[in-house]
Structures are given as structure tokens and as C-alpha cells.
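The values are calculated or read from the model by the stated rules, or taken from the named source; none is laboratory data. Keep in mind that this is a model prediction, so the values were computed, not measured. All Cβ positions, glycine included, derive from the backbone under ideal geometry; neighbour counts span all protein chains shown. Quick note on the areas: whole protein, heavy atoms, side chains included, nothing else; ligands and nucleic acids left out. Shrake-Rupley method; radii C 1.70, N 1.55, O 1.52, S 1.80 Å.
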Amino acid sequence: MKRSLHNSPGLAEPAPVPLRKQRDYRLLWTARTISFTGSEVSKLAIPLTAVALLAASPAQMGMLTAAASVPALLFGLQSGAIADRLTRHRPLMIACELVSCAAAVTVPLAWLLGVLNVTWLIVVALVIGTAGVLFRAANFPHVAAIAGPEQRTKAMAGLQTTYSVATVAGPGLGGLLVQLLTAPLAVLAEALSFLASALLLRAIRTPERNTPAVSRGMWRDILEGLKVSITHPVLRALLFAGVTINFFAMAYTAVYMLYMVNTLNIPKGMIGVLIAMGGAGGLLGAWLTARLSRRYGENRILLVAVLFFPLEVLTVGLLSGPLWWKLGVLALAGTAAGAIVVSFATCMNAIVLQEADPQLRGRVNATMTFAIQGVLSLGGLAGGFLAEIIGLRPVIIVCAGGIALATFWIWLSPIRPGHRRPTRQPAPPYVPGTATFMATKRHSTP
């Protein structure tokens, strides 16, 4: 439906060109979709390489899982400040994609040369993770350059779908490539996706006219964002709930592949299909959340979603029986989990953006990214080493109980109806790439 913009009485401007017809927006959307899909392929191929070809131990799998999130701890806070000081963000985004491509392509090369080992995979994960942290920091202001103020809501909503599309297509494609090419060569798909993304970003013609932010010093800016995130009641509840969920969800992710292959005896090719079910559930969750939030609001949806968060992990930990039964239960649980995770994360990010002062949103986002993403490395290490002591299935049961603890943070906070809320500021919608929630496995969001 067309609409007019009124700058003065009696003067109307034509409606802007729809985003789907804007060349540069299509290039950006396609670049993100391809890059996300390649990353989803790698999430299956790299762990399978470690498990099937390199005989990785649970402790090594924990370190490999943690390596992808360590850069968020090292550079998460600084990346936002770096992005705010740039006049142009696209060159940094392109450079990050090219570096990630070069790192990923070394995996199949090292395997063909007979020198691949778990340490090599860990280093590759560290490099790609660091590039990803910098990319996400630059992506937010770049989206604002591509879409005008009157179209940013639609632009951001469109880009948010890229993650769900990738989680549907990526794991299934990854399973197929692993079967056809072997796991190390399947990682080549990730390298090619990074290269394609860089080329598409390079083709964007929209000029960037960013005015670098005036800073009082990086560490003073960082400390101010940290103070607000901890002292604001709603932001504090969301911060600690996210940290709790991500710690135990990453501990679960660290042992997930070993548990599926060695305990439940799930065929390797089916693992990708099961993960894709979570992506399909994510699309369903995004669709439902967009409609339910208008009627019930983000707070009520968040309160309900957190109650069901541990459901899939608990189901997986208790599962037994014939293969057909296990596959059916895992498919249903994964689909439901995908919907719950996307619903929770969408509402969480919307509330964060509404509650944070407009002048502090960047620093609040950086603080939450640092804490919520940074804790992933600790969770991955804890899951791997704990599995060495008590076994795979007990670790998964512990993770389900740990994730359930997030319920207390949410339900005892001002988010619950009846509590007096701090003054809320109007906020722009959430942009994919600035998510503070976990980006791994089904307990992940864009």
C-alpha cells in the first residue's frame, strides 16, 4: 500500500521505491543470506571433521566450540567503539569476509595435505570468530546507510529473515555435502560463501556519509555502557538471563554432536536434517511473534517463552528407544525449540532497545554482546570437561536444569506484569547482526 510523506501542509512526496526493487538492498540481503548459509554448513562440517576424522575427545570438542566465541570476550566491547569511529563501514565488512574466506579454505587444504588436526580447527575458529565480531559491529550503521529512515523498519525485518532461511537450508546442505564430499571438503562451501558475500558487498554503490562519533575515550565509553546495563532493572534481568541461557546452552552444544553420534546412534546425514527443523521452527516463531506481539506485547511473550526454553534439551537428555522414535521426537522437539528461541530472542532485543537510552544503545548493545556472547566460550569448555567426568547424558540433564534458572531472572524482574517499569524510550527495531543471544545450534538466534 502506498503512502505519502508530508513535509509541509499540502505538499506530498511520492512513496519511496520498495526495498525489493532497490538494487543495493537486494545485494546486502543476498550477501547476508549466502554468508549465513555457509556458516550453517560449517557448524555441521567442522565438528564432524573433529569427531569422525580426528577422533577428538570431549575436552577437545569443548575447546573447539569455545574458540568461536572467545573473540567476543576479547574484542566485543572494543568493536562497537571501532565501528563508531569509522567514516565508511563497508570496507571493514568486506575485509572481514575475505579474511574469513582465507581461514576457512585452509581446512580442506590441510586435510588434503595430511596436516589437519584439532588445533588447526581451533585456530580457524578463532580467526573467523574475530572477523565476525568486527563485521557485526560495522553492519548496524551500514544498514542505516542503505535504507532511508522511512524504510529502515522494513529493511531490518527483511534482513532478520536471512538467519532463519540459512538455518533451514544450511544444515540440510551441510549433511548432503558431508555425505558427498567428506566433512573437510564441505567446509569449502563456507569459504565460497564468504567470498561471494564479499563480492556482493563490493558491488553496493550507495555512498556512506557516516560522521565518526566524538568519544571521551574508549574505556570511559565502555564503562558507561556497563554501568547502565547492570543498574537498570530490566536490562540487568535480560543480561543475566541471557548469560545463564547461553552458558548452559553452549555446554549442551559442545557435547551435542558426540551425544547424537555415539549415544543415540543418529546417522550423520540425519543430524543436518534435524538441525534444519530448528530453522523451520525459527521461521514459524518469527511469524507468530510478529502477530502475537501486537496483541499481547513483547513482555508477555518473553515470560511464556522462557518457561519452555529447557524443553528440547531435557527431551534430548531423556530420549531412548528405536531409531524411528528418536528421529520423530527430535524433529518435533527441534521445531518447537526453534520457534521458542526466535520468539524469546526477538522480544528480548526489542525490550533492550526500548529500555536503553537512545544515546547509550550502542554501548549497551556492546556490553550485552560481550557478556552474553563471551560466556559461550566458558560454557563450551565446561560442557566438554564435565562430560569427561560424568558422561554425555548427565551433562545434558544438567544443562536443561541450568537453562531453566533463567526463568527466575525474567519472572522476578519488572518485565512481569504488576511491576512498575522505568521510563521507556522509543527505539528503532532490531537489526540482525547485533543480536546478543547465542548464535549456535538450535538454541540460537540471528
Exercise. Which of (1) closer than 24 Å to residue 258 by Cα; (2) out of contact with any Asp or Glu (no Cβ under 7 Å at 6 or more places or on another chain); (3) of a type in the set (Gly, Ala, Ser) is the odd one out, the single condition residue 83 does not satisfy?
Worked result: (1)
Seminar exercise, completed: Across segment 214-237, the tally of residues that are at pLDDT below 80 and outside any helix (DSSP H, G or I) stands at 4
For this session: Inspect all residues belonging to segment 114-126 and state whether any of them is within 28 Å of residue 27 (Cβ to Cβ), touching a Leu at 6+ places or on another chain (Cβ under 8 Å), at pLDDT 80 or above and surrounded by fewer than 21 Cβ atoms within 10 Å (Cβ to Cβ).
Result: no
Exercise. So, of the residues in segment 242-295 that are of a type in the set (Phe, Trp, Tyr) and open to solvent by 40 Å² or more (accessible area, probe 1.4 Å), which turns out to be farthest from residue 56 (Cα to Cα)?
Worked result: 287
Exercise. What pairs come up if the first residue lies in segment 77-104 and is more than 30 Å from residue 118 (Cα to Cα), the second is open to solvent by less than 20 Å² (accessible area, probe 1.4 Å) and not in a helix (DSSP H, G or I), and their beta carbons are under 7 Å apart, counting only those six or more places apart or on different chains?
Worked result: 83/89; 90/204
Exercise. Could you list, in sequence order, the residues of segment 370-425 that are of a type in the set (Gly, Ala, Ser), at pLDDT below 90 and farther than 25 Å from residue 77 by Cα?
Worked result: 383, 384, 387, 391, 413, 418
For this session: Any chance you could count how many residues in segment 389-408 are touching a Ser or Thr at 6+ places or on another chain (Cβ under 6 Å) and open to solvent by less than 30 Å² (accessible area, probe 1.4 Å)?
Result: 1
Exercise. Limited to segment 127-145, what total is found for residues that are open to solvent by less than 50 Å² (accessible area, probe 1.4 Å) and closer than 15 Å to residue 64 by Cβ?
Worked result: 2
Exercise. With 313, 364, 352 as the choices, which residue is at pLDDT 85 or above, under 30 Å from residue 130 (Cβ atoms) and open to solvent by less than 50 Å² (accessible area, probe 1.4 Å)?
Worked result: 313
